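What follows is a single structure, written as structure tokens, with notes after it.
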Amino acid sequence: MVGVDGSSPPFPIICLSFGSLRTEKEGMDLRKVSGLLFFSLLLRFLAAEDYLVLKGESLATLTAKFHVSVESWKAIDPTFDWKRLTPGQKLKLPERHVVAAGETLYSLARKWGVEVADILALNALEDGKALRAGGTLWIPSRSVVPKKGFWPLEASARPDGGKLKSVSFLLPGSDFVSVSDGTVVFTGEYRGVGKVILVESAAKVLFGYGNFEDSSLKWGQKVTKGQALGKTSARTTERLLFFVSKDGAALDPAQASRL
């Protein structure tokens with residue numbers, strides 16, 4: 001979200017009550033925006049084992065040691081202070097799988113019940129050509145949201161937790177769509193979050209989409225269910241966020257009415 005003067009407000013400002021205040025720039029009703037951007041942006045993975053930090057180790061040395069990207073390390077435990085590693089600190093590691101002869105990314109994804117894109121992202125791989133029998137892969141969380149009704153993407157929805165009850169999708173470079181008819185009541189960027197779109201349905205349910213690559217939607221524009229709203233990031237570490245709210249209260253995206 002960008003202020004009238006073009007600057008981004010500090011994150012805590014979104015939890016304030018704006019009443020009927022509107023920006024002079026676009027006429028957006030900030031009452032609909034307040035309290036809706038508590039995102040849990042980072043992926044969470046199941047920890048199958050712990051690792052004790054050794055003397056002299058840093059995030060860079062751990063990245064090389066375990067062949068896990070910097071982004072994935074931070075995602076494994078987002079509450080950890082990665083700038084202050086000390087000997088004896090305990091790190092959470094995701095599950096690991098030793099690749100057998102003949103296994104592919106697709107067979108592994110089916111076996112573990114996860115997305116191919118998630119495997120690529122966690123292991124910092126561009127494709128499955130690097131798979132070798134005897135090699136080790138980190139396995140992402142199998143925690144997914146049962147898909148009932150209409151969703152922004154044809155991909156598994158992962159719960160992100162937090163006050164917003166948001167879920168996220170990983171399908172790089174794909175169109176994401178509106179889950180209902182409605183009106184765009186906010187579109188813009190928010191510092192630390194990226195691009196955000198809020199669509200309000202006739203039933204006054206607010207559907208939010210965040211952390212995507214591109215969209216040409218304008219404030220006040222009417223959209224229909226199934227209409228493409230924009231494109232997801234082409235990066236395998238960036239997930240599309242989806243959240244739902246009504247009367248200022250977060251709703252379960254899996255149960256919220258799409259009408």
Relative contact order in percent for segment 185-253 (Cα pairs under 8 Å, 6+ apart) equals 28 percent
For segment 126-136, Karplus-derived ³J(HN,Hα) couplings (6.51, -1.76, 1.60; θ = phi - 60°; whole Hz; x for glycine and proline) come out as 8, 7, x, 5, 7, 5, 9, 4, x, x, 10
Expected unfolding gain across residue 104-residue 203 under the 0.36 nm per residue rule, minus the alpha-carbon gap, is 31.1 nm
With every protein chain in place, the accessible area of residue 103 for a 1.4 Å probe, in Å² rounded to the nearest 10, comes to 40 Å²
Ignoring ligands and nucleic acids, residue 218 exposes an accessible area, probe 1.4 Å, in Å² to the nearest 10, of 130 Å²
Which residues qualify? For residue 230, with a placed amide H closer than 5 Å and at least 5 residues away or on another chain, they are 176
Extend 7 Å from the Cα of residue 252 along its Cα-to-C-beta direction; within segment 151-177, residues with backbone N under 16 Å of that point are 157-168
Label model pair residue 59, residue 83: point-to-point distance (7 angstrom along the Cα→beta-carbon line) in nm is 0.9 nm
Sorted by chain and then number, the residues having a modelled amide H within less than 5 Å of the amide H of residue 95, at least 5 places away or on another chain, are 46, 48, 139
Probe 1.4 Å, all chains present, heavy atoms only: residue 235 accessible area in Å², nearest 10, is 120 Å²
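The values are calculated or read from the model by the stated rules, or taken from the named source; none is laboratory data. Worth saying up front: this structure is predicted, and the values here are computed from it rather than measured. Neighbour counts run over all protein chains shown; Cβ positions are idealised from the backbone, glycine included. All accessible areas refer to the heavy atoms of the entire protein, side chains included, with ligands and DNA or RNA removed. Shrake-Rupley method; radii C 1.70, N 1.55, O 1.52, S 1.80 Å.
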